[in-house]
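So the structure is just underneath, and the comments pick up after that.
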Amino acid sequence: MILEPLRKHFKERDKNMARATIKDVAARSGFSTSTVSRALSGKIFVEEETKRKILEAVEELHYRPSMIAKSLKDKKTMTIAVMVPDLNSLFYSTLVDSVEKYASEEGYTVILCNGHGSVKTEKRSMEMLQNRFVDGIICLSVTDEITHIWKASKQSGIPVVFINREFQNDMSCIVNDGEYGCHLITKYLLEKGHRRIYGIFGSQDTQISIRRKIGFQKAMEEFGVWEERLALMDASRVQTAYEYAKKILGGDERPTAIVISEEAMVIGVYRAAAECGLRVPEDLSLIGFDNVYTAEYMQPPLTTCDAQISELAEKSVKCLLRQISGEDIGRERIYLRSGIEERASVRAL
């Protein structure tokens with residue numbers, strides 16, 4: 001018996017939630033639908049007493065405006081998409097989390113599209129996003145071949161902002177300077193007395209890996225110790241990085257240090273060192289890139305180049321929202337330069 005009034009209350013509330021429209025709010029408050037619309041928009045002045053009565057009616061009826069109707073009227077869905085090549089990477093998942101944070105602060109919802117390392121999947125995602133009427137896209141493409149993304153953006157009018165990819169077209173890019181960062185951490189090792197240094201890099205089909213390899217090479221050349229064989233490419237996966245590290249650590253010319261150019265490789269290299277009976281940093285110095293949260297929990301904690309993930313996310317969201325709002329910013333290019341987060345995985349010789 002005690003619960004009966006509550007049941008009636010929630011039953012009535014559910015009915016109101018299911019059927020309440022702006023016309024119901026107008027009838028309950030005693031004002032026209034246009035007045036109710038102006039009061040709820042918050043963009044046009046409405047007398048405080050009028051607004052109070054309308055908000056009371058909204059509360060009583062549990063009225064919620066239709067987001068679909070609103071998006072048709074405003075020509076905005078308040079939704080953006082983030083396209084990443086592979087969500088297995090902590091770098092990408094951390095970046096997506098940061099993008100969602102900054103986008104939600106501006107009232108936007110985020111749709112995630114995981115490319116699973118496949119251009120075919122990326123193309124399907126792009127087609128889907130055109131049909132879902134998203135307001136804009138933040139993209140980290142699977143490869144540097146982005147003709148399908150460029151064409152879809154032009155056909156649909158949906159703005160696209162790239163992160164860590166730079167193309168000679170009219171699309172905006174927010175880039176962490178990987179060449180500078182990898183030069184910085186390689187020089188850091190060289191200045192600590194290391195000369196036998198290997199670098200492990202990702203796919204040679206992507207700008208990010210190529211630029212980091214160039215930074216590594218330039219630093220090694222400056223100290224007169226560069227050889228092409230010292231840069232190991234196409235090791236984006238943990239297993240490949242592990243196999244590369246096992247091979248070089250078990251060879252006759254064992255390195256004193258390794259530059260690990262992506263966070264996805266770190267665990268594989270640490271395991272290879274342990275299996276070879278090598279202590280970090282006493283026998284082998286390791287330095288990484290990206291500075292995702294796991295770096296400080298490695299044993300020992302990994303010294304790394306900070307890829308400025310939060311700043312990349314914030315600037316990409318702001319750039320995209322400026323384009324969504326119709327601001328003519330042209331082809332925007334923003335470059336960020338990293339610093340070193342020193343921990344305990346490098347020693348001086």
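The values are calculated or read from the model by the stated rules, or taken from the named source; none is laboratory data. As the structure is a computational prediction, the values presented were derived from the model and not from experiment. Virtual Cβ from ideal backbone geometry, glycine too; neighbours counted across all protein chains shown.
With respect to Ile174, determine if the residue is within 19 Å of the chain's Cα centre (by Cα) and touching a residue at least 24 places away in the same chain (Cβ under 8 Å). Criteria met by Ile174.
A single entry from Leu302, Leu278 fulfils the requirement of being out of contact with any Phe, Trp or Tyr (no Cβ under 7 Å at 6 or more places or on another chain) and crowded, with 22+ Cβ neighbours inside 10 Å: Leu302.
The helices (runs of 4 or more DSSP H) found entirely in region 30-85 that carry 1 or more residues being at pLDDT 75 or above and either over 31 Å from the mean Cα position of the chain (by Cα) or closer than 27 Å to Ser104 by Cα (or both) are 33-41, 48-61.
Taking every residue in region 50-64 that is at negative phi and pairing it with any residue that is among the hydroxyl-bearing types (Ser, Thr, Tyr), at least 6 positions away or on another chain, the pairs with Cβ-Cβ distances below 7 Å are Thr50/Thr35; Lys53/Ser29; Ile54/Ser29; Ala57/Ser29. Scanning region 288-299 for residues that are in a helix (DSSP H, G or I) and either of a type in the set (Val, Ile, Thr) or loosely packed, with under 15 Cβ neighbours inside 10 Å (or both) returns Tyr293, Thr294, Glu296, Tyr297. A single entry from Asp170, Asp144, Asp135, Asp177 fulfils the requirement of being charged (D, E, K, R) and modelled with pLDDT under 90: Asp170. When each of Thr186, Thr206 is tested for being under 28 Å from Glu341 (Cβ atoms), surrounded by fewer than 22 Cβ atoms within 10 Å (Cβ to Cβ) and not basic (Lys, Arg), the lone residue that passes is Thr206. Of these, Ala348, Ala295, which one is within 30 Å of Arg196 (Cα to Cα) and assigned by TED's automatic domain parsing to the domain that holds Ile197? Just a single option satisfies the conditions, and that option is Ala295.
List the number of the failed condition for Ile138; all other conditions in (1) within 22 Å of Cys319 (Cβ to Cβ); (2) β-branched (Val, Ile, Thr); (3) out of contact with any helix residue (DSSP H, G or I) (no Cβ under 8 Å at 6 or more places or on another chain) hold. Of (1) within 22 Å of Cys319 (Cβ to Cβ); (2) β-branched (Val, Ile, Thr); (3) out of contact with any helix residue (DSSP H, G or I) (no Cβ under 8 Å at 6 or more places or on another chain), only one is false for Ile138: (3). Screening Glu122 against (1) at pLDDT 90 or above; (2) closer than 19 Å to Leu321 by Cα; (3) surrounded by 15 or more Cβ atoms within 10 Å (Cβ to Cβ) leaves a single unmet condition, (2). Please determine whether any residue of region 271-287 is in a loop (DSSP other than H, G, I, E, B), without any contact (Cβ under 8 Å) to a residue 24 or more places away in the chain and among the basic types (Lys, Arg). Within region 271-287, one or more residues are in a loop (DSSP other than H, G, I, E, B), without any contact (Cβ under 8 Å) to a residue 24 or more places away in the chain and among the basic types (Lys, Arg). When we screen Leu232, Leu249 for residues that are in the same structural domain as Gln207 (by TED's automatic domain parsing), crowded, with 18+ Cβ neighbours inside 10 Å, out of contact with any Ser or Thr (no Cβ under 6 Å at 6 or more places or on another chain) and farther than 24 Å from Val292 by Cα, the only hit is Leu249.
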